[in-house]
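Everything on this sheet refers to the single structure shown next.
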Amino acid sequence: MDFGYRGSKAGFWLSFALLLLVLLGVLYVALFGAVLAFQEYQALHGMENSPWAGYDNFSALLEEQTFLAQVGNGLALKLCELAAVLMGGGVLAALVACIPHRGVRMGVSAALLVPALAPAVLFAALFPGAEGPYDYFLRILVPSACFAAFAGGTVSSWRENGVTGALLGVALAGMLLAMRLFSPDLPSLLLAQSPKNYAWSDALISYSYRTGLVQMDYSSAAAAQALVSGAQFLLALLVAVPFARWIPVRSTLDAPGEKRGALPAAALLSLLFIAVAALACGLEGALPLNSMGVISPLLAGLTGGILMIALTGAPSRKWLAVAAALVLSLGGNEMAEYLLARIFGWINTSWPIILLSPLEPRVFSLLVVMAFAAREGNRGWLCLAGALVTAAYAWGDFYLPMLYTMRVDQLNAGYMARQVVLSGENPLLGMAYCALPAAALSALAATAYARRA
């Protein structure tokens, strides 16, 4: 067995053990959710003493008049994300691939991490309308396209095959997105959704959120999530086959002259992105921020760095593809995760944010793409970049704090910015408060990733 960058068997087995631990954790949560879907869960009796419902929850869900519409809406909204990846990302990646100097090309690709990690609250404030799927498309266009362009530009830099390599990277990004084909981006969807637009915005994943966490019907919500996860799992296994074959393992970035320029290009372009965000948001005013609102994203970043160690411990590209398929298709089971957090006594603590932030689909997909680079070494910079990517997302994320935190002293910038934006009092302040620090963290991630080159 070739241990490559790992340097020793001990390092390899440590990383591989971490990867197995992550996958077993995801499978455990998915199995817990599957059992919940076959029960009539009663909070007073717990899982063990709740009555067995058999297929009743699934039958009731299939008999709902809105079931087919919810399936179609979820698929249509996900196709909006895929369109943003394949069209917007394809154009951006092709432009990046045309940069003649390979080091600068790598730096520009790395700098695309900044808009790719922009908080959902930022785009909700920039595009306040939510009249149809087109508005949802506008909100996810920039992060989805920049994620795909990051993957395309990176692959093009590694393999030195121009636009072909860039489009290959975009295709890999699209495959990662397709592993969650029936789950549109939930934070963006919740920001756009209202009872007035359920005709196009209500998908099974939002139905599960509303039924379980608002109406407290956990078993019905788990049944909806089980159907989504099962369909995604079967599709993800099919997608993982070409994904494993196409992952670029070897880099051609070997000449020192060709590496130069990556770090300054990433740093300068990242500063430009932050400057644009500052002009768009405005810098006036201030909002109170408690200590845990700062500490939780940083601790989540530490978990993201550990997850990057685990991903770089995959013994082959097939293992990396299987890990991506399992986490992306079966992860994000809100009902199972929420009930387990209650069982473990983690409600109103930072633990759910710390443990779940690296597994959020956007973060995990970026970490998987970045893990490809581990085949060539300088792993420390790569893990630092993964930690900063996770911290940047956790800073601007409102969904996990909204789900698990009810104490004001635990709320992060993303949740507080959401409240400001939705109130309409000073949306620019909310955008600046949430987006600018997240942009700074993701800019540091971009420079660390470029430093790896």
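Every read-out reported here was derived from the displayed coordinates using simple, explicitly stated rules and does not represent laboratory data. Please read all numbers here as calculations on a predicted model, not as lab measurements. Please note: Cβ atoms are built from the backbone with ideal geometry, for glycine as well, and neighbour counts cover all protein chains shown.
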Dimensions (Å) - segment 294-404, Cα atoms, principal axes, largest first: 41, 28, 20
field: Summed residue charge, Cβ within 10 Å of residue 243's Cβ, Lys/Arg positive, Asp/Glu negative
entry: +3
task: Could you please report the charge total around residue 118, scoring K, R as +1 and D, E as -1 over all other residues with beta-carbon less than 12 angstrom from its beta-carbon?
output: +1
statement: Farthest towards the positive end of the dipole of segment 78-207, among 183, 129, 116 and with Cβ unit charges of +1 on Lys and Arg and -1 on Asp and Glu, lies the Cα of 116
message: Placing unit charges on C-beta atoms (Lys and Arg positive, Asp and Glu negative, everything else neutral), compute the dipole magnitude of segment 1-110 about its Cα centre in debye, rounded to 20.
response: 940 debye
FRET efficiency, residue 302 to residue 35 (Cβ-Cβ, R0 25 Å, nearest 0.05): 0.20
field: Estimated FRET transfer efficiency when R0 is 25 angstrom, pair residue 422-residue 134 (beta carbons, to 0.05)
entry: 0.75
- prompt: Which value in Å is the Kirkwood Rh of segment 103-168 over different Cα pairs?
  reply: 12.8 Å
query: Roughly what would the spin-label model give for residue 231 and residue 79, points 7 Å off Cα along C-beta, in nm?
result: 1.3 nm
message: I want to check the label-to-label distance for residue 194 and residue 348. Put each point 7 Å from Cα in the C-beta direction and report it in nm to one decimal.
response: 3.2 nm
- line: In the neighbourhood of residue 341 defined by beta carbon distances under 15 Å, the net charge of the other residues (Lys, Arg +1; Asp, Glu -1) is 0
Cα-only radius of gyration and Dmax that characterise segment 17-137, units Å: 22.2, 66
